[in-house]
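The values are calculated or read from the model by the stated rules, or taken from the named source; none is laboratory data. Being a predicted model, the structure only gives us computed values, none of them experimental. Note that we place each Cβ from the backbone using ideal geometry, even for glycine, and neighbour counts take in every protein chain shown. What goes into the accessible areas is simple: the full protein's heavy atoms, side chains included, and nothing from ligands, DNA or RNA. Shrake-Rupley method; radii C 1.70, N 1.55, O 1.52, S 1.80 Å.
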Amino acid sequence: MGSTIIVGGFFGDEGKGKIVAHVAFADKPTIIARGGIGPNAGHTIEVRGQKFGVRMIPSGFVYANARLLIGAGVLVDPRVLLSEIELVGEAKRVGVDHRCAIIEQKHITLDKEDPHLSRTIGSTGTGCGPAAADRARRTTIQASEVQELAPFLTDAAAEINQALNAEENVILEGSQGFGISLYYGFFPYVTSKDTTASQIAADVGVGPTRIDETIVVFKTFPTRVGEGPFETQMSEEEAKKLQIEEFGTVTGRPRRIGWWDPKMAAYSAMINGATQVAITGLDKLDPNVRGVHEYDDLSTKVKTFLRQAEEEVGVPFTLLSTGPELAEIIDLRGEKLYHA
Ligand code: GTP
Ligand code: IMP
Ligand code: MG
């Protein structure tokens, strides 16, 4: 297998956390490395009724045998990271690239108080935008300068490339989604960095020639938090009627809900260089398929949707999620379910 990048294809919150966790149990990587922006992300993973929300450590942490790395491109809020390490008891496995830029209180304050960021853009208030700006001005401090991070410091890029040299499996985990990429999203209603697969590879220090698989994650009903265009958005009443409302992991804000968008999905798959698609929320399309493990047991409605969507996107749909639980998935990559 080698290296697999997992990124969001819509506006974030596609369920990357759950997909990363599944691929980890199935592929047994020695390293799961997090790229992406910073603690503005919120990944949710549900395992046997227990729900975890993480913002900094890779969501693959539920798979116990991988080293958990944070790539140099990621903005680190030491308080968030240290509290997550404590919460999940993962001190031994975590490594932070010594070059990560640090989010300080002043960045969080500015993110919350600047009306352009907090109101016009609707930022998460986690300090990511102001810290990214300071990083570009070259005034941020690096992880190597933060005493509390000393036990975790590493050269994440070197570790990952060595694992690939040894033909081990590695998962490179993105955050956010294509529609809020600084370059390819709906500017200015975007986050502070690109969110595509190429950026994730750069964040963790892996060159483009070393990427084997790129899995783009979509959800049957895309969602968006914060401001900005959302072409297929439905009304709150429609979402309520369909019982598909959602709330943000980090902010608790209600997510705007939309209909499946084939045009955006195809464009996003193209720029991400998708080799596979993971789709979540099939149970939202048809509650009868909740928890289904076999493709043949899916309903005609869901199969018809999948056939059409696969044709529209032009990339094989290999991971079909039938509920929020880790085990609620159909893996068509020819692997068996290791965690069921
Ligand atoms: P960001 O990195 O913040 O973009 O988040 P994410 O992509 O990891 O997604 P997040 O966890 O924020 O949101 C996805 C939500 O959908 C979570 O509450 C998951 O538990 C849930 N989820 C994942 N897969 C499925 C599925 O197949 N069906 C249903 N109903 N929910 C799912
Ligand atoms: P920022 O990344 O906090 O600066 O927020 C900029 C925009 O990106 C806002 O519209 C946020 O709601 C959105 N955003 C940032 N992180 C996420 C995420 O993890 N999921 C969904 N939207 C996000
Ligand atoms: Mg999220």
Report task. Let me have the relative contact order for the chain, percent, based on Cα pairs under 8 Å that are six or more residues apart. Result -> 23
Requested in this report: Give me the distance in nm between label points sitting 7 Å out from Cα along the Cα-to-Cβ direction at A91 and Y183, one decimal.
Outcome: 4.0
Requested in this report: Under 1.5 on a/c is rounded, so check that first for the stretch 134-189, then, if it is not, pick prolate when a/b is larger than b/c and oblate when it is not; a ≥ b ≥ c are the square roots of the alpha carbon gyration tensor eigenvalues.
Outcome: oblate
Query raised in the report: How large is ³J(HN,Hα), in whole Hz, for each residue of the stretch 294-311 in order, when computed from phi with the Karplus curve 6.51 cos²θ - 1.76 cosθ + 1.60 and θ = phi - 60°, using x for Gly and Pro?
Result: 10, 4, 4, 8, 6, 6, 4, 4, 6, 4, 5, 4, 5, 4, 5, 5, 5, 5
Query raised in the report: Excluding ligands and nucleic acids, what accessible area in Å² is computed for E238 using a 1.4 Å probe, to the nearest 10?
Result: 70
Query raised in the report: What is the set of long-range amide H partners of G122 at a cut-off below 5 Å, with H atoms built 1.01 Å from backbone N?
Result: E227
Report summary line: If amide H atoms are modeled at 1.01 Å from N in the peptide plane, then the residues at a separation of 5 or more from I31, or on another chain, having amide H under 5 Å from its own are R67, I171
**Report entry** For the stretch 150-163, Karplus couplings with θ = phi - 60° (6.51, -1.76, 1.60), whole Hz, Gly/Pro x
**Finding:** 3, x, 9, 5, 7, 9, 4, 4, 5, 4, 5, 5, 5, 4
Requested in this report: Go through K16/K284; K112/K241; K28/K284; K112/K193; K51/K193 and tell me which ones have a Cα-Cα distance over 24 Å in this structure.
Outcome: K112/K241; K28/K284; K51/K193
Requested in this report: Please say if the stretch 1-76 is rounded, prolate or oblate, where rounded means a/c under 1.5 for a ≥ b ≥ c the square roots of the C-alpha gyration tensor eigenvalues, and otherwise the choice is prolate for a/b larger than b/c and oblate otherwise?
Outcome: rounded
Requested in this report: Would you work out if the chain is rounded, prolate or oblate? Take a ≥ b ≥ c from the square roots of the eigenvalues of the alpha-carbon gyration tensor; rounded if a/c is under 1.5, else prolate when a/b is larger than b/c, oblate otherwise.
Outcome: oblate
Query raised in the report: Tell me, what HN-Hα J-couplings in whole Hz come from the Karplus equation 6.51 cos²θ - 1.76 cosθ + 1.60 at θ = phi - 60° for each residue of the stretch 177-184, using x for Gly and Pro?
Result: x, 3, x, 10, 5, 4, 8, 10
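Ignoring the sites themselves, what is the longest stretch of the chain with no trypsin sites (Lys or Arg not before Pro) in a DSSP loop and at most 12 other beta-carbon atoms within 10 Å?
Details: sites that count: R48, K92, R137, R138, K336.
That would be 139-335.
Just to make sure I understand: if all protein chains stay in place, what is the order of E167, E325 by accessible area at 1.4 Å, largest first? Please list the in-between numbers first.
Working: E167 160, E325 40 Å².
Sorted descending by solvent-accessible area, the residues read E167, E325.
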**Report entry** chymotrypsin sites (Phe, Trp or Tyr not before Pro) restricted to DSSP loop in the stretch 159-222 with at most 14 other C-beta within 10 Å
**Finding:** Y183
**Report entry** Amide proton proximity set for G323, modelled H, under 5 Å, gap of 5+
**Finding:** G281, L282, D283, G291
**Report entry** Proximal aspartates and glutamates relative to K219, as straight alpha-carbon distance under 12 Å, when same-chain residues fewer than 8 apart are discounted
**Finding:** D13, E14, D261, D283
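What does the charge add up to near R119, with Lys and Arg as +1, Asp and Glu as -1, over the other residues with Cβ less than 14 Å from its Cβ? Don't jump to the answer; show the numbers that get you there.
Numbers: positive: K112, R253; negative: D111, E113, D114, E227.
That sum, taken over residues with Cβ under 14 Å, equals -2.
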